[in-house]
Amino acid sequence: MISAISLANYAVNGLVEGLLIALPALSLTLVMGIAGFANAATGDYMTVSAYAAVTMQKALAASLLLAAAGALAAGVALALLCHWLVFRPLARRPAVTSLVASIGVALLVRSVLTFFAGHDQQSIQTPLMRAWNFGGLRLLPTDLAVAGVAVGALLAVFALLHGTPIGRQMRAVADNPDLARASGIRARRVMLALWAMAGALCATGGVLYGVKAVIMPDLGWELLIAAFAAMVLGGIGNPGGAVLASVLLGLAQELSVPLVGPSYKIAVAFAALLLVLLARPRGLFGTALAAR
Amino acid sequence: MTRIDETRRSVCLAGAALLGSALAPAAARAAQQDVFRIGALNSITGSGASYGPGMQKTILRAVSEINAAGGAGGRRLQVYAEDDQTKPEAAVLAAKKLLDVNRVQAILGTFSSGVTLAVMPLTNAAGAILMNTSGAPAITTQNVAGLSWRFEATNDRYGRAFAQAVAQGGFQRPAIMAFNNASGISNTQGFKTAWEARGGKVVASVVYEPNRPSYRSELQQILDAKPDVVVMGSYLPDTTLILREWYQSGQDVKWVMPGWAGNADLVKALGAEVCEGVRVVQTIANEGSPALAHFDEIYKAETGKDGSTSIYAAMCYDMVVTLALAMEAAGPGATTAQVNACIPKVAGGQGKPVDSFEAGREALKQGPVSYQGASSRLNFDASGDASPDFSISMIRGGEIVRQGRVSV
C-alpha cells in the first residue's frame, strides 16, 4: 500500500524534475514560435554552460555565484554566435534547413567539448546539506534551490515577454511575422533578444542540472527529447504551455514509479503525451492552425 | 632504375632470391610447421585504450620470453598484433584479417564483452582458441565449442563476492539497485542468487535507467523497504548521483558496490564524508605469487608503470604462459584442437602447482600441472571461466582500505 507521505515525496521529485526540464522546453518553444524551427542544439547549449561553470570553479576557484554568471555569459554567447554564423544566414530557407543545421551545430559543439573536456564526469561543487524532514516528507535544500532558481528564471522570462516593449515585439513576431514587419518591428533586434533569452534559459538549466546531477558531454542531448515532448504537449510556440507541460510530464513520470517501477516511468510520461495529443492534436494550449 | 649501382644491387638481390627459392621450399615447410601463430587483439584505441596498449605489450614480451626459452611443444610462437578500437565492428574486421590472412590459431586479449561476443563466432568457425578478459555471462553460454577461455571473473562470481561482503558486514536486510544493462543486472542477480542460497532474503530491488537528472524516486522505492544495506550493480556517474541524493536525504543505510563505481573518482566527486563506510568489491591479482612478481617486472620495463595498475595485462601474461604450457603438453605438431584440450591439464586446478613456463615444462614430464598465474590461480572450470579472488575494501577518511580477501 502506498502511503500519502510516499506519494507526496514522489510528487516533489516530479515537480523538481519538471521545473528543470521547463527551462530548455521554454527555450525550445520560444525559438520555435519566433524563429520558426526546432533547435536541436538546445541541449548542447546547456552542456556548454554547465562545463563553463565547472571550468570557472576549477581553473579560477570562482564562487558558485560567479561560476553561474560565467555559465550564463557562455550560454548567451554561444546562442548568439550560432545565430550569427548559422541560423541568420539560413533564415530565408525552409525551416527544415535550420533544423538540420541545428543538429549539425549540436554534434559539432559536443565534439569540440569532448575534445577539450574528455569523457570523464565533472561536478559543480556545492555544499551538501541534509534534507528537511516534515513528518516523512523530505525536502532537499538543493532541490528547493534548483526549483526556486528555475521558477525565478521562468518568471523573469515571462516578465520580459509581457512587460517590456521588446517582449511585446517578440510576441507580435510569433503571432504574425508579416503583420509585425508591416507595423515597423525590426526583426534583427527581436532575433537578438530571442537568442539571448534562449541561451540564458539553457545556461540556467545547465547549471541547475550540474548542481543536481553529474556533468557529462551528453547531458543536454539526453534531455532534449523530454524538452521536446513538453513543447509539443504545451502547444508548440506557447511559453506558458511548455512550462506547465514540463511539470505535468515530470509529475506523471515520478508518480508512476510506485505503480510500474522506474524502468517504465519514462514510457508512462510518453504514453500520457500520446493520449493528450490523440484527443487534442494542437497540444494543451496550442491554437489551431488555419489551413492555408 | 637509372643509376648503375642500384641496378647492380637489384641484380644481386634477384640472384640471391633465385638461389634462395631454389633451396628454400623444404626448409620453409619445416619452419612453417615449427610456428604457432597467435593474434594479439587489444583495445589500443577507444574506451578500453587505458588498458589495451599495456596488454598488447605484455603479450609481445611474454611471447619473446617463451621463444627465448626454446619455444613450446617444439614450436616458436609468432604474434600478429591488431587494434579492436574497443568496438565490435572493428574487432570483427581485425579478427577476420588475423584468421584468414595471418591464419592465427589463437586470438588473445579481447577486453570488452561486446568485442569478445562479436569475435567468438569467427574463432569458433575457424576452430581457433579465444582468450578474453570480459565479464558478461553470455560468454559462458555462447562458448559452445569450448574454445573460449575467460581470465576475468564472471558477473556471477561478482555476485557471490557481494554476498560475502554483505554477510561479513553482518547485514540482514539487503536491497539491490541495478543499472539497466547486462552487467548491472547480472551482477545484482548473481548476488540475489548467492544470498538466497545462504537462506537470506532481498527486501527490495530496483532497475534504473541511465542518464537521469535525479534518482530520488528510485532511492525512495528502495529505502521504503527499510534495508540495512544496498548492493549496487552500477557505474560511476549514476553512483555519484545516487549517493549524493541519499546522503542529503539523511536516511541510514550502508552501501556495497563494484570497484569500477566505488573508487578514487567517487571520493573526488562527493568528498570523504559521503563515501565513509562504503564497501567496495573488486577482483585482485594473485598476490604474493612468483608469477605476479615476474609480470610486475616486465610490465614496468615495458610501460614504466606498476603491474598493479593493470590486472588485465596480468591476465594477458597468463594467457601466453597457459597457451605455451598447453602446447608443451600437447606435444610437437599438435592441432589447435589438441592444444585447446590440454588447457585444463595445465591450468585446471588439478596437478602440481607451478609458477612459470619453464617450471611447468619440467613438471609436465611427470604429469598434469596447475599454472598459478599472475592474475589469479586460474583453475578453469568446465565452462572455461577462471576464478580470480576478490578483495573487500571500505572507504575510510577518503581512502580505500582493504578489509579482506575472498575466494568464491
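Being in contact with a helix residue (DSSP H, G or I) (Cβ under 9 Å, 6 or more places away or on another chain), open to solvent by 10 Å² or more (accessible area, probe 1.4 Å) and not polar (S, T, N, Q) narrows it down to one of B:166, B:206, B:202, so name that one. After ruling out the rest, the residue left standing is B:202.
Summed over segment A:244-267, the residues that are over 17 Å from residue A:6 (Cβ atoms) and either in contact with a Cys (Cβ under 9 Å, 6 or more places away or on another chain) or facing chain B (nearest Cβ under 9 Å) (or both) give a count of 2. Scanning segment A:268-281 for any residue that is of a type in the set (Lys, Arg) and either within 13 Å of chain B (Cβ to nearest Cβ) or in contact with a Leu (Cβ under 8 Å, 6 or more places away or on another chain) (or both) turns up nothing.
Scanning segment A:96-108 finds no residues that are within 14 Å of chain B (Cβ to nearest Cβ) and out of contact with any strand residue (DSSP E or B) (no Cβ under 8 Å at 6 or more places or on another chain).
Selection of segment A:72-108 for residues being within 12 Å of residue A:42 (Cα to Cα) and among the hydrophobic types (A, V, I, L, M, F, W, C) yields A:76, A:78, A:79, A:82, A:99, A:103, A:105, A:106, A:107. Can you report the number of residues in segment A:204-229 which are part of a helix (DSSP H, G or I) and either within 9 Å of another protein chain (Cβ to nearest Cβ) or open to solvent by 10 Å² or more (accessible area, probe 1.4 Å) (or both)? Of the residues in that region, 14 qualify. Just one of the listed residues (B:182, B:145, B:125) is open to solvent by 20 Å² or more (accessible area, probe 1.4 Å), farther than 19 Å from residue B:242 by Cβ and touching a residue at least 60 places away in the same chain (Cβ under 8 Å), namely B:182.
Yes or no: segment A:156-168 includes at least one residue that is crowded, with 17+ Cβ neighbours inside 10 Å and under 19 Å from residue A:20 (Cα atoms). Looking through segment A:156-168, at least one residue is crowded, with 17+ Cβ neighbours inside 10 Å and under 19 Å from residue A:20 (Cα atoms). Contact list please: Cβ distance under 7 Å, first residue in segment B:269-282 and away from every other protein chain (no Cβ under 12 Å) and on the phi < 0 side of the Ramachandran plot, second residue open to solvent by 40 Å² or more (accessible area, probe 1.4 Å) and of a type in the set (A, V, I, L, M), pairs at least six apart or on different chains. So the pair list comes out as B:280/B:400. Being under 15 Å from the mean Cα position of the chain (by Cα) and more than 17 Å from residue A:149 (Cβ to Cβ) is a property that does not hold for residue A:180. The requirement of being more than 27 Å from residue A:108 (Cα to Cα), within 14 Å of another protein chain (Cβ to nearest Cβ), β-branched (Val, Ile, Thr) and touching a strand residue (DSSP E or B) at 6+ places or on another chain (Cβ under 9 Å) is fulfilled somewhere in segment A:7-22, by at least one residue. Within segment B:216-250, track down each residue that is facing chain A (nearest Cβ under 8 Å) and either on the phi > 0 side of the Ramachandran plot or part of a loop (DSSP other than H, G, I, E, B) (or both). Once the filter is applied, which keeps residues that are facing chain A (nearest Cβ under 8 Å) and either on the phi > 0 side of the Ramachandran plot or part of a loop (DSSP other than H, G, I, E, B) (or both), segment B:216-250 yields B:224, B:250.
Only one entry of A:115, A:158, A:134 meets the criterion of being within 14 Å of chain B (Cβ to nearest Cβ) and among the aromatic types (Phe, Trp, Tyr), and that entry is A:134. Here residue B:382 qualifies as in a loop (DSSP other than H, G, I, E, B), free of Cβ contacts under 8 Å to residues at least 40 places away in the same chain and open to solvent by 40 Å² or more (accessible area, probe 1.4 Å).
The values are calculated or read from the model by the stated rules, or taken from the named source; none is laboratory data. Just so you know, these numbers come straight off a predicted model, no measurement behind them. Neighbour counts are summed over all protein chains in view; Cβ atoms, including those assigned to glycine, are modelled from backbone coordinates with ideal geometry. Surface areas here come from the heavy atoms of the whole protein model, side chains and all, with no ligands, DNA or RNA. Shrake-Rupley method; radii C 1.70, N 1.55, O 1.52, S 1.80 Å.
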